[in-house]
Every structure is written in C-alpha cells, then in structure tokens.
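Colleague: Below is one structure. I have some questions about it.
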Amino acid sequence: MEQPPLTKYAACVEYDGHNYCGWQRQDHSPSVQVKVEEALSVVANHPVEVVCAGRTDTGVHATGQIIHFESNYSRTARNWVLGGSSNLPSDIRICWAKEVSGEFHARFSALSRTYKYLLLCSKQRTAIAPQAITQTRIEQLDLTQVQSGLDLLIGRHDFSAFRGASCQAKSPIREVQYAKVSQSGKLIEIEIRANAFLLHMVRNIVGALLSLGSGVLSLEEFESIFLGRDRTKAPAAASPNGLYLSRVEYPSEFELPDLENELWLGLR
C-alpha cells in the first residue's frame, strides 16, 4: 500500500535543561532530543526524528528552541502540541506547531539565534528556582563596563577567545548583531543575538563580563583577551544555570509565530 506523502512541521520547544546532557542525543545520558522524539512518535504513530535550530549544552535551558520534523500521517497543530506535551516530562513542553514548506530547515534557514543569561547578584542564597538562574556573590556589577565589553563584540569577529575546547565548528568567525545588559532589582539580564554561536560561547563571554564588571579585568584587558583569540587567557565560563535559548528568527516567508512565549515574559 502506498504511503501518504511526507508533511514537514516546525515546532517550538521549551525546556528546563538541568536534568539533561543537552539537546543532542547521547548514549551515556538523557537528552532533550530523545524525549521530544519519543513524544512526537507516539502522536505520529511512527518513529519521528527532529532537527533543532541550536544544540544547547548540558544544563542549558530554552524558551524558544525551534525544531522541524516530518510525518506522513495527518495531524493538526493542536494534535502535535497537546499530544506531544502530554507525552513529555514536566520539564519539557511543545509551545506551538505549524505545517511548513519543504524548504524550511530549523538550523539552516535560521537568520539568527538569541540567548539570554539571567544573573542574580546577592550574597544570600536563593531558594526560588536555583537551577533557573546563576547566582553570584558579587552584589554590585558595573553595568556600564559590562555594556562596554558587549559593545566590543558587535560585528563579525573571530571568537576563539570564547570558544569551548571541544568545539567542532569549522570556523571561529561569528557575527554578533545585538548585545545588551539590563537590570531589575538584583536580577541582571544579558542578551546576545548572533547568526550562530560556538560551543560554550555565551557562557565564556558572561564569565569574562563578570570579571570585567567586578573590576578584576579592565576594559583594555577584556579587549586584549578577545583580540588575542586564546581561550586559555580568558576567565572561566559562567554556569549553565542562567542560560536560555530564547529566540530563533527566520525569513518571513515561513510565517512562523513571532512571539516569545509567556514563560519568558513572566521571568522578565
């Protein structure tokens, strides 16, 4: 019997990453990818493989991870969202789903990715969602210095100084399109948008920015580290706890939802 033609779908996935080895399937530890594929396979009634926009690392979260997958069984967006989420653990959910053209690719069609980093400046331990933010005992960061450091990153540069040792990217060149720090009370948000990111790039940048904002590094020293392209000369990476893949942008022709989900809006 001839099978129905394959239909391609895009979907947005939100997850708390602290129980997982990252997005990508691994033999030794649970991954977000495996959980999502298992859930969608139940809805599709056949094995489903998904492709993501960005492979988040161990412990990193997402409020706007985009995936695509194919199925030759007819399902509505509601079926994928409700059916998929009902078969997922409580720390992963599908936010929306949409049928897309065959030209869409979650990774290669993306114009940019945005990461946000949440940092709590307090000597007092937080009891609220400690895995959702990174806490520093530095009570006061010089945000003017932090923003000056971020401004140096804007544009197309070699980011070897902030590249993870096991990064498999062919080139260290990336284009940062936007970088901003803001504060609400003791909570600091660092937002960086780029065409793509290297392994641990955002965490490494934030680690250096913490040294800059606390006065351990001068702006000149921060710039020298960046331009020196030597990861061993840069400060240690920041914790994955506060890092979120919050948004992936695509050409308007694909007509994907253009809203950050309500969870992230609630965290701001």
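Here, each number is a calculation from the coordinates, and none is a lab measurement. Please read all numbers here as calculations on a predicted model, not as lab measurements. Don't worry about glycine lacking a Cβ; one is built from the backbone with ideal geometry, like all the others, and counts go over all protein chains shown.
Colleague: So for the stretch 123-224, Kirkwood radius off the Cα pairs, Stokes-Einstein at 4 °C and 1.567 mPa s: how many µm² s⁻¹?
Modeller: The Stokes-Einstein estimate is 89 µm²/s.
Colleague: Something else now. Going by a 4.7 Å Cβ-Cβ cut-off, which cysteines of the chain have no partner at all?
Modeller: Lacking a cysteine Cβ partner under 4.7 Å: Cys21, Cys52, Cys121, Cys167.
Colleague: Take the alpha-carbon centre of the stretch 39-113, take the same for the stretch 170-186, and report the distance between them in whole Å.
Modeller: 26
Colleague: Binning at 10 angstrom from zero up to the longest distance, how are the C-alpha pair distances of the chain distributed in percent?
Modeller: Calculated P(r), rounded to whole percents: 7, 29, 33, 21, 8, 2, 0.
Colleague: Over the Cα atoms of the stretch 168-268, Rg to Rh with Kirkwood Rh, two decimal places?
Modeller: 1.00
Colleague: Follow-up. Quote the FRET efficiency, to the nearest 0.05, computed for Tyr178 versus Leu82 with a Förster distance R0 of 35 Å and r equal to the Cβ-Cβ distance. Present the calculation step by step, with values, prior to reporting the outcome.
Modeller: Numbers: r = 34 Å, r/R0 = 0.98.
Using R0 = 35 Å, I get an efficiency of 0.55.
Colleague: Whole-Hz ³J(HN,Hα) for each residue in the stretch 150-161, computed from phi via Karplus 6.51 cos²θ - 1.76 cosθ + 1.60 with θ = phi - 60°, x for glycine and proline: what do you get?
Modeller: Residue by residue, the stretch 150-161 yields 5, 4, 5, 7, 5, x, 8, 9, 8, 9, 4, 5 Hz.
Colleague: So if I take the alpha carbon set of the stretch 31-123, get Rg, then get Rh from the Kirkwood formula, what is the Rg over Rh ratio?
Modeller: Result for the stretch 31-123 is an Rg/Rh of 1.01.
Colleague: Still on this structure, I have one more. Using label points projected 7 Å from each Cα along Cα→Cβ, tell me how many nm separate Arg107 and Asp151, to one decimal.
Modeller: 3.7
Colleague: Let me ask you something else. Which one of Leu82, Ser112, Ser101 has its Cα pushed farthest toward the positive end of the charge dipole of the stretch 71-123, where Lys and Arg give +1 and Asp and Glu give -1 at the Cβ?
Modeller: Farthest along the dipole direction, towards plus: Ser112.
Colleague: Starting from the amide H of Ala106, placed 1.01 Å from N in the peptide plane, find each other amide H under 5 Å away whose residue is 5 or more places distant or on another chain.
Modeller: His68
Colleague: Short version: ³J(HN,Hα) in whole Hz for each residue of the stretch 33-40, in order, from phi by Karplus 6.51 cos²θ - 1.76 cosθ + 1.60 (θ = phi - 60°), x for Gly and Pro, what are they?
Modeller: 4, 4, 4, 5, 5, 4, 5, 5
Colleague: Report Rg (one decimal) and Dmax (nearest whole number) for the stretch 7-51, counting Cα atoms only, units Å.
Modeller: Calculated on Cα positions, Rg and Dmax stand at 11.0, 33 Å.
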